[in-house]
1. Going by C-beta contacts inside 10 Å, put 53, 21 in order with the fewest on the left.
2. Under the rule a/c < 1.5 gives rounded, and otherwise a/b versus b/c splits prolate from oblate, where does segment 227-333 land using the Cα gyration tensor?
3. Please check: in the Gaussian network model of the chain (C-alpha springs, under 10 Å), which one of 169, 381, 264 has the largest mean-square fluctuation.
4. Which whole-number percentage describes the relative contact order of the chain, with Cα contacts under 8 Å and a sequence gap of 6 or more?
5. Counting other beta carbons within 10 Å of each residue's own, what order do 346, 139, 153 fall into, fewest first?
6. How would you classify segment 1-101 from its alpha-carbon gyration tensor, with a ≥ b ≥ c the square roots of the eigenvalues: rounded for a/c under 1.5, else prolate if a/b is greater than b/c, otherwise oblate?
7. Could you identify which residue out of 154, 75, 162 has the top mean-square fluctuation in a GNM of the chain using Cα springs shorter than 10 Å?
8. Determine the calculated [θ] at 222 nm for the chain from helices alone, applying -39500 (n - 2.57) to every DSSP H run no shorter than 4 residues and normalising by the residue count; nearest 500 deg cm²/dmol.
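Since every read-out is calculated from the coordinates, none of them should be taken as a lab result. Remember, it's a predicted structure, so these values are computed and weren't measured experimentally. Cβ: placed from backbone, ideal geometry, glycine included. Neighbour counts: every protein chain shown.
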């Protein structure tokens, strides 16, 4: 049954009330037509609850817009949803990625995440190429995808909205990796399910790193909004030391937009529930509105909190990651870097949930606190304990 308009509705009942289910919910393919986003193919999802989100086919099937009953959830940066043809990967010393950085979800990888990095290229067996140079957060988020299918699927009286496609990151004498992504939401719900597979289609042994840069904007992010997570330890912060409290912003409670704010990044060691799931939420109690991300600890063992609270750029990032924030060199040193041979793959399953009431916020917070009680202080002393990530030999 589809839960719509305060009741459980059968497929037959809904068919009797309209000539098309698209009157209530659906997926629509369109092409953007102006400015820096001109030419991008986009899928618009409407779940029937008031939740709407868009998927940019030509930007790795990432989620761009997201709003609930007219209230924004996803972040829009000044860069806009830039067409990948305008992107300059190596520009600005590797920071040009920031000129394509916008939306609820930006995928980072497939062979590199975090800051710029040069590494030896000997595993690609090509003499003229001595090094592989990586921009911040890798290439995948600005590569156009191939749409293999989308639409609405009835399963008895339940309707599932879906899309699926693939994105190839490949070059001669280098990596040949494929991302296969499927996004689903059941009509009448607010749970977006993302299933990813990353596969090495080539025959060179290739490194793999992966991260979701999930960016929540106003009004979910607002003065007094709370970050809730099952934090067992605060491992690292980019701003620790003598100036730890300089900006007077801790990890728990968000301020209004700031002037002259420098980004703050925290790495938290998060606990998982009995099913291996890790829920994290940002909630606005005043509005009774929140956003929850659930990932798997065995897939994303690390997680960061990104605070970009500068006026005009106001965002809070939830960032599940395959690796510690110290980057690729550290991962190699500790034998924590994932290497994929031909045909090897890694799978990732995540759920993004809109919390639409005080009761749902309380339920999410209760689930999170049952796993681990986060520190009560705003500035917990970082431990520096980057726990070993196993299973990657």
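1. Details: 53 25, 21 19.
With the sparsest Cβ surroundings first, the list reads 21, 53.
2. oblate
3. Result for the chain, Cα springs under 10 Å: 381 fluctuates most.
4. On the way: 989 pairs, mean separation 59.2, N = 393.
After rounding, I find 15 percent.
5. Ordered by Cβ neighbours within 10 Å, fewest first: 153, 346, 139.
6. On the way: a/c = 3.78, a/b = 2.59, b/c = 1.46.
Prolate, because a/c is 1.5 or more and a/b exceeds b/c.
7. 154
8. Details: 3 runs with 27 residues, N = 393.
Computed mean residue ellipticity for the chain: -2000 deg cm²/dmol.
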